[in-house]
Amino acid sequence: MNIVVVGLSHKTAPVEIREKVAFEADALEDRLAQLLALPYVSEAMIVSTCNRVELYAATMRPEQVCVELQRFMAESHGLTPAVLNPHLYSYACQDAVRHVFRVTASLDSMVVGEPQILGQIKTAYGHACDCKSAGLVLNRFMHKAFSAAKRVRTETAIASSAVSVSYAAVELARKIFESLENKTVMLVGAGEMCELAAKHFVRYGVSKVLVTNRTYSRAETLAESFGGVAVNFANFREQLHRVDILLSSTGSPDYVIHAADIKAACKLRRYEPMFLIDIAVPRDIDPAVGKIDSVYLYDVDDLQGVVQANLKEREKEAIKAEEIIDQEVLRFHEWLANLTIRPTIVALRKQLEGVRQKELQRTLSSLGNLDDHERKMLDAMTSAIVNKILHHPTRLLKQLNCDDDKLRYLDAVQMLFDLSIQPPSDDMAELPED
Amino acid sequence: MCCADWWKRSYFNVELFARLCYLNVLLSIVIVCAERETMEPVTLLFALTTTLYLVASLLYLTAMIGKRENAGRLGRWVLLVGVVAHAAVFAVRHSMVSGTPVTSLHESLSFFAWCLVLLFLLLDLRFRLSVMGAFAAPSALCLMIFSALSPDVVVPLNPVLRSWLFPLHISFAFLGNAAFALSFGAGVMYLIQDRMLKSKRFNRLYRMLPSINVLDQVNYTCLSVGFPFMTLGIITGAVWANLAWGGYWSWDPKETWALITWFLYAGLLHGRLTVGWRGRRAAFFSIVAFMFLLFTFLGVSLLFNGYHTFEVFSMP
């Protein structure tokens, strides 16, 4: 049994292609049924997010199924394979397992370590379970993918630092104030980024939000959404000394906050640290403000710098994560290999045992009067012959590592000995017999 | 498979343990060589204490650099055992000289280390900062090593100076010193972290150090603990001098320098409480003041003649 993955992601396809091949959630049931109807596909699953669309299948014939899945991907969205294929990647066997484990552990994401992908794959797996398209192999496969992702999350620091500008602002604030509880945030201007950052601050315990804007009504509505207070733009500077964290994003072409304003505020607040974030372009806060003692001024580029530094840190952690993934892939692969080989070995033994029993009975009945000891000797001899013959092929089959080779040998064994293999689970589709 | 994983995960600790054992042996040899005389129980206890401080230092450094909280927690326990063993050193010495055993340079440095660790452990109850441990434990270790290198002579106290004020005086003085040493450490860390935040460099150091607000608080707490101790140390010293020599203040070099240092710290505390000094300025000030303190503690005793040179304690 093997895993096959066919799909595309932000790394291989532009958004124009990705939006065309996305699967709608309503149609998933039909799509999964169509997938299962494809030849040789025994189990199937569809992952469709804004950054990636992937089909997972469990099969005995990975090569054929790869082609089938590629065709399915194109046809179900009314595209020709010629258009879509350059953007598609296909993995089989161990590569497929590794790919899915990496995706689930968020190592293949646009932002390495982002947490959403795990939830998205869990949802996709949930759909597959509902539609009964996931069986023994995919069930185990997905559970192993989830536990590998969990190991990565707990054993590395891959997701411990901020990689968005608004969250980086929170992280910095905590390096200044330690705790954000009982701190006051002021929004100057009502930009979207400001609002997002303010939301993060509130979630981390900021208790008071002041909002000021040239149009007072806009300030009022924004203040309401945070349970804060609107301040008149004309005299917001008088409130500066009460502010611990200031987010500025006005459309003003000139500086709105000058060094003198902040110096005065600092004196009034007895030099408690102040954290000023200037998100506006052109800037709102005079850069000279950053030189004042215990005032920390960051503009958009500085915050980007934090994000870049954190991303580098994540890349370092990703190396550790890859090691964990390697271990987990190997473990799952062993299980899968066992699952594939065992039925053949069992059938082979059964076949030869049948022959042995039949021939033994015939010989015993034609020889007639033998005592117990002689019967036992004959029995032992024949079973020794069978075991000796089977010894090498069994060992060879168990040792084969490359999936394609293994499949070829398994095919050969099945053909040569005319074996009929029982699938390891009931909910797997019937295997074709040669 | 499971066992293999366990081994891999605990690899770091195993390596650390091996390194500790090696250093332990090395250090014991150094101490034995420095002592030369036969190993007495005191010396053994002293070596044990030093080793414990060493282990705690390594654990705290591991916690800080390797971001392993467990190592910090373990370091705290090791340091606690160390401080108890160290107390035993002084108890034994006390019975040996039947008096307060802080008269030689050897004993002074060792006592300083003990006060430092004790105060750090108390501070740790409130702040739980393994980063401070990474400063305090190695500092104590250095003091112990210098103490081991300076000649260990048991000096019976001059009968003129024998007084119940002596132990009080040195306890207050050294606890003050230790508190100021911690505030110095926090001040240095503050300046580094402030620089990181201002220059927008987000390197390893930035990640390891705590927030500047916490560092400022630690700096202030240590200052507010150290100042009363120092004041009491000076007062008890003056009273004791009056008992021994019939004069409260005689402008002995130690007294002069202690007074200068006291004024510096008084100025800093005043600035913090009334003018609202904090952050960079306060951190910088506490570093400068500690330099003066170090000179008062070591420089004066070693360079000038006066009541506080270590020889003066001996019999005339």
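Shielding by partners for peptide A:305-311, expressed as the average number of C-beta atoms from other protein chains within 10 Å of each residue's C-beta, is 2.
Shown is the FRET efficiency for B:Val239 and B:Met291, computed with R0 = 41 Å from the Cβ-Cβ distance and rounded to the nearest 0.05: 0.90. By the Kirkwood approach, averaging reciprocal distances over each pair of separate Cα atoms, region A:160-259 gets a hydrodynamic radius of 13.6 Å. Peptide B:197-206 is shielded by partner chain Cβ atoms: per residue, an average of 5 of them sit within 10 Å of its Cβ. Only Cα sites of chain A enter the Debye sum here, all with the same form factor; the resulting log10 I(q)/I(0) across q = 0.10, 0.11, 0.13, 0.14 1/Å is -0.84, -0.92, -1.07, -1.15, listed in q order.
Note on A:Asp26 and B:Leu259: the model spin-label points, each 7 Å out from Cα along the C-beta direction, lie 9.2 nm apart. Here the spin labels are modelled as points 7 Å beyond Cα on the Cα-Cβ line, and at B:Trp249 and A:Leu268 they lie 4.3 nm apart.
Each Cα pair under 8 Å and six or more residues apart adds its sequence gap; the mean of these over the residue count of chain A is a relative contact order of 14 percent.
With the helix formula -39500 (n - 2.57) applied to DSSP H stretches of n ≥ 4, chain A reaches a computed 222 nm mean residue ellipticity of -18500 deg cm²/dmol. Computed over region B:157-316, relative contact order equals 33 percent, with contacts defined as Cα pairs under 8 Å that lie 6+ residues apart. When only alpha carbons are used to place a centre, region B:248-286 and region A:216-255 end up 42 Å from one another. Note on region A:341-417: Cα-only Rg and Dmax are 15.9, 52 Å. Note on A:Glu19 and A:Glu192: with the Förster distance fixed at 22 Å, the Cβ-Cβ geometry gives a FRET efficiency of about 0.40. Across the protein assembly as shown, Cα-Cα distances exceeding 37 Å account for 62% of all pairs. Working from label points 7 Å from Cα in the Cα-to-Cβ sense, the A:Asp418 to A:Glu224 distance is 8.4 nm.
By the count of neighbouring beta-carbon atoms within 10 Å, fewest first, A:Asp372, A:Asp379 end up ordered A:Asp372, A:Asp379. Extents of region A:186-320, taken as max minus min of Cα coordinates on every principal axis and listed largest first, are 52, 33, 30 Å. Exposure proxy for B:Val83, B:Val92: other Cβ atoms within 10 Å of each Cβ, ordered fewest to most, give B:Val92, B:Val83. With a Förster radius of 60 Å applied to the C-beta separation of A:Leu390 and A:Ser164, the computed FRET efficiency comes to 0.50. The ranking of A:Leu8, B:Leu79, B:Leu48 by Cβ neighbour count inside 10 Å, starting from the fewest, reads B:Leu48, A:Leu8, B:Leu79.
Look at where the Cα atoms of region B:146-188 and of region A:284-341 average out, and the two centres are 49 Å apart. Between region A:1-56 and region A:148-185, what is the separation of their alpha carbon centroids in Å? Here the two parts' Cα centres lie 34 Å apart.
Every number in this text was worked out from the coordinates using simple rules, so none of it is lab data. In this text, all values refer to a predicted model and were calculated from it rather than measured experimentally. Quick reminder, even Gly has a Cβ in these numbers, built from the backbone with ideal geometry, and neighbours come from all protein chains shown.
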